[in-house]
Amino acid sequence: MTAEATRVGEPVIDVTELTRRFDSTTALDSVSLSMPRGAVYGLVGANGAGKTTLIKHILGLLRAESGSVRVFGLDPVADPVGVLSRIGYLSEENDLPGWMRVDELIRFSRAFYPAWDDAYAEELRQSFALEPAAKIKSLSKGQKARMGLLIALAYRPDLLVLDEPSSGLDPIVRRDILGAIIRTIAHEGRTVLFSSHLLEEVEQVADHVTMINKGRIVLSAPLEDIREAHRVDGRVLSLDEIFVAQVGMSAAAASES
Amino acid sequence: MVTIKLAVLARGRPIYLDSPESFGFVVMGPVTATFTYLLAVFSFGLDGDLGARRSMYPTRMFTRPLTTGALAGLPMLYGIATIFVLWLVTRLFALWPTGSHIPWLWPGLMLASLLAWTQALTWMPYPLPGLRIIVAVLWLGTIDTIAILALHFNARESLMLGILAPQIPLAYLVARFAVARARRGDVPDWRGGFVRLAQVADALSRRREHFRSAARAQAWFEWRRHGRSLPGWVAILLPFELVLLWVAGDSNSLVFTILLAVLLTPPFMATFAAAAVSKSSPDASDSYGVNPFIATRPLTNAELVAAKLKMAVWSTIAAWVLVLIAVALALELSGTAAVVLERWHRFSAVVGGPRAVVLLLLILWGCIASTWTQLVQSMYIGLTGRAALINGSVVLVLGFFVLFGPFAEWIVETRRLGEIWSALPLIFALLVALKMIAAVWIGVRLYEGRLLSDRTLVTGAACWSVAVFALYGVLIWLLDTPHIPHYLLMLVAILSIPLARLSAAPLALAWNRHR
């Protein structure tokens, strides 16, 4: 399955009026998002803003209580195979099976994706310096992140979803992850959704930024447009400054209402 | 128990529990069920993995500003106090056999000792996987045996107190040592001593070739996670059981008792292994949700469940191959094979050769099927990932055992056994109706949720029907008597072949995977 299989013009991710509550907490509040093919979306927000909840809906790990979620035009809950076979996913939590060896995990993951590229997987393994006989549990946190990245990339997924991939990692691993995103973008038609609270990283790779605060999207626009709209005395504000300003405005609007 | 006693007092009719069966039904069944639940609660055994090397003491408690002695001592203290209350309530309100003298202290102390040792042994980190279960079964069994022997020889209460009183401080010292080790993350590892065995096991299950399908890869994953536990635990227990054949000598009853215990070992150990198999996340001890690594596999919920079912088949076969080889060797080497063969010849002379063979195969098949069923039948609860539902089901099962005894005794006491026997077809028919209604409801949900394809649903229903008719045919051939109507055998066959609970497993997983 390739990116071309998605109908031309159809968004890769289409979230409409998605609301999610956990008991009395509203984790997502009428969130709408449409991600075209080939876009690199940076999803930014503070801890607990709702980024991971949104990503879990996209992966079908949470069922839409209200609103709808479509990925490649499919419902990820009703058709997990159709959606998940085209998504490469790297999560913040390291949940790789520690008892497996590196080569076993590669062979195991390969079985699930017909488009698995052995040569590319081997190239990534060597560039990440992962020993085939090493047990996953014996790898460092950075090595585990690289391993997760390897199995998320090796089948050249149509959509790469990275949930806080750099969280708690050293600058070298973060560079590897950013490099992987850039390589993925280089393949025509590949789409990336990248969640982070490290805004300088998002600025480096994203061409569209969606800011989320307390379950609501407070700003969603192309990065260039955001920069243009946030000039103070001719100086372009950094994404950090824009984020703080947007969150402040959102809090003020909430207190007024 | 209080309710039963009050009901008896209100009606003003005494109930005599002079037979051991009556006493067992009304008193020991409910007490044992409640005691088992309290054991699980106070040893934190409901959330942990019994087969794992790490301590089952919750790690979140280690950061509390308490001494290790307090961490070990407080749950033990609360547990012992609760157990003593349970014993005192039992002592005061249970319907004891008429004229019997029931001691006040030592039975409570016995239960408290068992609780304290269970806590100590479950909180201990172990050097090998599965060792906790073996040590617990052997050590708690030893304490039980000492108490039973003391009772058998009419030991005085002071002697019983002398034997049991030191157990609690000893267990506390062991528990404190165990919690201290677990708190500093010290998990001993003897797996190095079994390097060759581990290498063989690894070499046997390591994949050097590519998997032919995603389903095969997932089945291999499940096998590596859970498949080896059951055969491993059975292999450790078998020598302890089979060595008794050398003691049994020519005692027929002892030989057959030992063989019965051996045959019951795989289904019994499967109940422990099932706790891990039915968990949706193999590595998460404190969480019931599906691990994102598994949840994001591009497999349907039915395929994920099918991988677990396949693994359970392999695990059951491996355990039974071990049992059959070990039993054959032990019978031959201990010289007790002659006793078994002599009984077999007598049995086949009475019922006929072919019937004897079929009956033997049916018993063996029943044991094997029961092992597999034990492994997978709780999946429909465990895979939901809802802690309240999982813990609630444990309470429900124990509640059933609490009520079953008094109910059975009531039937016997009020001489309603004949009525029950006459109503058996109706009871079975009601159970079949319930099973079929549940199966249809589950089938509709599976179809509507597109969790199973039409073809799989039809094939599954056809296979189940074939299995039911095959069993029905065997039962008719075996029990060819006018006293048992054929429709009753049909009802038995329908109830014997698993359907509803197994079919509900993909629904449970879907409910958990897509929350």
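The values are calculated or read from the model by the stated rules, or taken from the named source; none is laboratory data. Quantities reported herein were computed from a predicted structural model and do not represent experimental measurements. So basically every Cβ, Gly included, is an ideal-geometry build from the backbone, and we count neighbours across all protein chains shown.
Looking only at residues in the range A:3-21 that are at pLDDT 90 or above and not aliphatic (A, V, I, L, M), which one is nearest to A:LEU90 (Cα to Cα)? First the steps, then the outcome.
Taking the range A:3-21 as the starting set, the residues that turn out to be at pLDDT 90 or above are A:12-21.
Now restrict to residues that are not aliphatic (A, V, I, L, M): A:14, A:16-17, A:19-21.
Working: A:ASP14: 20, A:THR16: 24, A:GLU17: 26, A:THR19: 24, A:ARG20: 23, A:ARG21: 25 Å.
If we take residues in the range A:3-21 being at pLDDT 90 or above and not aliphatic (A, V, I, L, M), then A:ASP14 is nearest to A:LEU90 (Cα to Cα).
What do you reckon, is A:SER24 more than 14 Å from chain B (Cβ to nearest Cβ), among the hydroxyl-bearing types (Ser, Thr, Tyr), loosely packed, with under 15 Cβ neighbours inside 10 Å and in contact with a Ser or Thr (Cβ under 6 Å, 6 or more places away or on another chain)? Full working, then the answer.
On the way: more than 14 Å from chain B (Cβ to nearest Cβ): yes; among the hydroxyl-bearing types (Ser, Thr, Tyr): yes; loosely packed, with under 15 Cβ neighbours inside 10 Å: yes; in contact with a Ser or Thr (Cβ under 6 Å, 6 or more places away or on another chain): no.
Taking the combined requirement at face value, the residue does not satisfy it.
Between A:ALA129, A:ALA145, A:ALA134, which is within 17 Å of the chain's Cα centre (by Cα), not β-branched (Val, Ile, Thr) and not assigned by TED's automatic domain parsing to the domain that holds A:ILE172?
Among A:ALA129, A:ALA145, A:ALA134, only A:ALA145 is within 17 Å of the chain's Cα centre (by Cα), not β-branched (Val, Ile, Thr) and not assigned by TED's automatic domain parsing to the domain that holds A:ILE172.
I'd like to know if the range B:133-153 contains one or more residues that are assigned by TED's automatic domain parsing to the domain that holds B:ALA175 and assigned to a loop (DSSP other than H, G, I, E, B). Can you show your working first?
Filtering the range B:133-153 down to residues assigned by TED's automatic domain parsing to the domain that holds B:ALA175 leaves B:133-153.
When the remaining residues are screened for being assigned to a loop (DSSP other than H, G, I, E, B), the result is B:153.
Taking every residue of the range B:133-153 in turn, at least one turns out to be assigned by TED's automatic domain parsing to the domain that holds B:ALA175 and assigned to a loop (DSSP other than H, G, I, E, B).
Any idea which of A:SER138, A:SER109, A:SER68 is within 10 Å of chain B (Cβ to nearest Cβ) and among the polar types (S, T, N, Q)?
Details: A:SER138 fails: within 10 Å of chain B (Cβ to nearest Cβ); A:SER68 fails: within 10 Å of chain B (Cβ to nearest Cβ).
Being within 10 Å of chain B (Cβ to nearest Cβ) and among the polar types (S, T, N, Q) holds for just one of A:SER138, A:SER109, A:SER68, which is A:SER109.
Among residues belonging to the range B:209-223 that are within 7 Å of another protein chain (Cβ to nearest Cβ) and surrounded by 21 or more Cβ atoms within 10 Å (Cβ to Cβ), point out the one that is nearest to B:TRP372 (Cα to Cα).
Residue satisfying both the conditions and the ranking: B:PHE221.
Return a yes/no flag: does the range B:461-473 have any residue that is touching a residue at least 40 places away in the same chain (Cβ under 8 Å) and not assigned by TED's automatic domain parsing to the domain that holds B:ALA302.
Initial filter on the range B:461-473 (touching a residue at least 40 places away in the same chain (Cβ under 8 Å)): none.
No, the conditions are met nowhere in the range B:461-473.
With the checklist (1) closer than 28 Å to A:ILE13 by Cβ; (2) more than 10 Å from chain B (Cβ to nearest Cβ); (3) among the aliphatic types (A, V, I, L, M); (4) assigned to a loop (DSSP other than H, G, I, E, B) in hand, flag the one item A:LEU130 doesn't pass.
Evaluating A:LEU130 over (1) closer than 28 Å to A:ILE13 by Cβ; (2) more than 10 Å from chain B (Cβ to nearest Cβ); (3) among the aliphatic types (A, V, I, L, M); (4) assigned to a loop (DSSP other than H, G, I, E, B) leaves (1) as the failure.
Can you tell me which residue among A:VAL77, A:VAL83, A:VAL44, A:VAL31 is in contact with a Leu (Cβ under 7 Å, 6 or more places away or on another chain) and facing chain B (nearest Cβ under 10 Å)? Quick ask: steps written out before the conclusion?
Numbers: A:VAL77 fails: in contact with a Leu (Cβ under 7 Å, 6 or more places away or on another chain); A:VAL44 fails: facing chain B (nearest Cβ under 10 Å); A:VAL31 fails: facing chain B (nearest Cβ under 10 Å).
The unique qualifying residue is A:VAL83.
Out of B:PRO298, B:PRO354, B:PRO267, I need the residue that is within 14 Å of chain A (Cβ to nearest Cβ) and either more than 30 Å from A:VAL81 (Cα to Cα) or surrounded by fewer than 22 Cβ atoms within 10 Å (Cβ to Cβ) (or both). Which one?
On the way: B:PRO354 fails: within 14 Å of chain A (Cβ to nearest Cβ); B:PRO267 fails: within 14 Å of chain A (Cβ to nearest Cβ).
So the residue among B:PRO298, B:PRO354, B:PRO267 that is within 14 Å of chain A (Cβ to nearest Cβ) and either more than 30 Å from A:VAL81 (Cα to Cα) or surrounded by fewer than 22 Cβ atoms within 10 Å (Cβ to Cβ) (or both) is B:PRO298.
If you go through the range B:301-325 one residue at a time, how many are within 14 Å of chain A (Cβ to nearest Cβ) and of a type in the set (Phe, Trp, Tyr)? Walk me through it before giving the result.
Taking the range B:301-325 first, the residues within 14 Å of chain A (Cβ to nearest Cβ) are B:301-307.
So of that shortlist, the ones also of a type in the set (Phe, Trp, Tyr) come out as none.
Qualifying residue count for the region: 0.
Is it fair to say B:PHE240 is surrounded by fewer than 20 Cβ atoms within 10 Å (Cβ to Cβ), at pLDDT 75 or above and within 14 Å of chain A (Cβ to nearest Cβ)? I'd like the intermediate steps shown before the answer.
Details: surrounded by fewer than 20 Cβ atoms within 10 Å (Cβ to Cβ): yes; at pLDDT 75 or above: yes; within 14 Å of chain A (Cβ to nearest Cβ): no.
No; evaluated as a whole, the condition is false for this residue.
In the list A:ASP103, A:ASP79, A:ASP75, A:ASP118, which residue meets the criterion of being at pLDDT 90 or above, surrounded by fewer than 14 Cβ atoms within 10 Å (Cβ to Cβ) and not aliphatic (A, V, I, L, M)?
On the way: A:ASP103 fails: surrounded by fewer than 14 Cβ atoms within 10 Å (Cβ to Cβ); A:ASP79 fails: surrounded by fewer than 14 Cβ atoms within 10 Å (Cβ to Cβ); A:ASP75 fails: surrounded by fewer than 14 Cβ atoms within 10 Å (Cβ to Cβ).
Going through A:ASP103, A:ASP79, A:ASP75, A:ASP118 in turn, the sole match is A:ASP118.
Scan B:GLY366, B:GLY405, B:GLY399 and give me the residue that is under 29 Å from B:TRP320 (Cα atoms), of a type in the set (Gly, Ala, Ser) and assigned to a helix (DSSP H, G or I).
Numbers: B:GLY405 fails: under 29 Å from B:TRP320 (Cα atoms); B:GLY399 fails: under 29 Å from B:TRP320 (Cα atoms).
Exactly one of B:GLY366, B:GLY405, B:GLY399 is under 29 Å from B:TRP320 (Cα atoms), of a type in the set (Gly, Ala, Ser) and assigned to a helix (DSSP H, G or I), namely B:GLY366.
So in the range B:414-469, with the set limited to residues that are outside any helix (DSSP H, G or I) and of a type in the set (Ser, Thr, Tyr), which one is farthest from the other protein chains (Cβ to nearest Cβ)?
Applying the first criterion (outside any helix (DSSP H, G or I)) to the range B:414-469 yields B:414-416, B:449-453.
If we keep only those that are of a type in the set (Ser, Thr, Tyr) as well, we get B:414, B:453.
Values: B:THR414: 49, B:SER453: 12 Å.
Here the answer is B:THR414.
Can you say whether B:ALA81 is surrounded by 15 or more Cβ atoms within 10 Å (Cβ to Cβ) and assigned to a helix (DSSP H, G or I), as far as the supplied structure shows?
On the way: surrounded by 15 or more Cβ atoms within 10 Å (Cβ to Cβ): no; assigned to a helix (DSSP H, G or I): yes.
No: the conditions fail for B:ALA81.
Within the range B:102-119, track down each residue that is in a helix (DSSP H, G or I) and touching a residue at least 40 places away in the same chain (Cβ under 8 Å).
Let us first name the residues in the range B:102-119 that are in a helix (DSSP H, G or I), namely B:106-119.
Within the range B:102-119, B:TRP106, B:LEU109, B:MET110, B:LEU111, B:ALA112, B:SER113, B:LEU114, B:LEU115, B:ALA116, B:TRP117, B:THR118, B:GLN119 meet the criteria.
Residue by residue through the range B:256-304, note down the ones that are modelled with pLDDT under 90 and of a type in the set (D, E, K, R).
B:LYS279, B:ASP283, B:ASP286
For the range A:201-216, which residues satisfy the criterion of being of a type outside the set (S, T, N, Q), out of contact with any strand residue (DSSP E or B) (no Cβ under 7 Å at 6 or more places or on another chain) and surrounded by fewer than 19 Cβ atoms within 10 Å (Cβ to Cβ)?
Here is the first cut: in the range A:201-216, the ones of a type outside the set (S, T, N, Q) are A:201-203, A:205-209, A:211-212, A:214-216.
Then drop every residue that is not out of contact with any strand residue (DSSP E or B) (no Cβ under 7 Å at 6 or more places or on another chain), which leaves A:201, A:203, A:214.
A:GLU203 - this is the single residue of the range A:201-216 that is of a type outside the set (S, T, N, Q), out of contact with any strand residue (DSSP E or B) (no Cβ under 7 Å at 6 or more places or on another chain) and surrounded by fewer than 19 Cβ atoms within 10 Å (Cβ to Cβ).
Out of B:ILE437, B:ILE427, which single residue is within 16 Å of B:LEU499 (Cα to Cα), within 29 Å of the chain's Cα centre (by Cα) and without any contact (Cβ under 8 Å) to a residue 40 or more places away in the chain?
Details: B:ILE427 fails: within 16 Å of B:LEU499 (Cα to Cα).
Of the residues listed, the single one that is within 16 Å of B:LEU499 (Cα to Cα), within 29 Å of the chain's Cα centre (by Cα) and without any contact (Cβ under 8 Å) to a residue 40 or more places away in the chain is B:ILE437.
Somewhere in the range B:427-442, is a residue more than 26 Å from B:TYR487 (Cα to Cα), out of contact with any helix residue (DSSP H, G or I) (no Cβ under 6 Å at 6 or more places or on another chain) and either not assigned by TED's automatic domain parsing to the domain that holds B:LEU507 or not acidic (Asp, Glu) (or both)?
First pass over the range B:427-442, keeping only residues more than 26 Å from B:TYR487 (Cα to Cα): none.
Within the range B:427-442, none of the residues are more than 26 Å from B:TYR487 (Cα to Cα), out of contact with any helix residue (DSSP H, G or I) (no Cβ under 6 Å at 6 or more places or on another chain) and either not assigned by TED's automatic domain parsing to the domain that holds B:LEU507 or not acidic (Asp, Glu) (or both).
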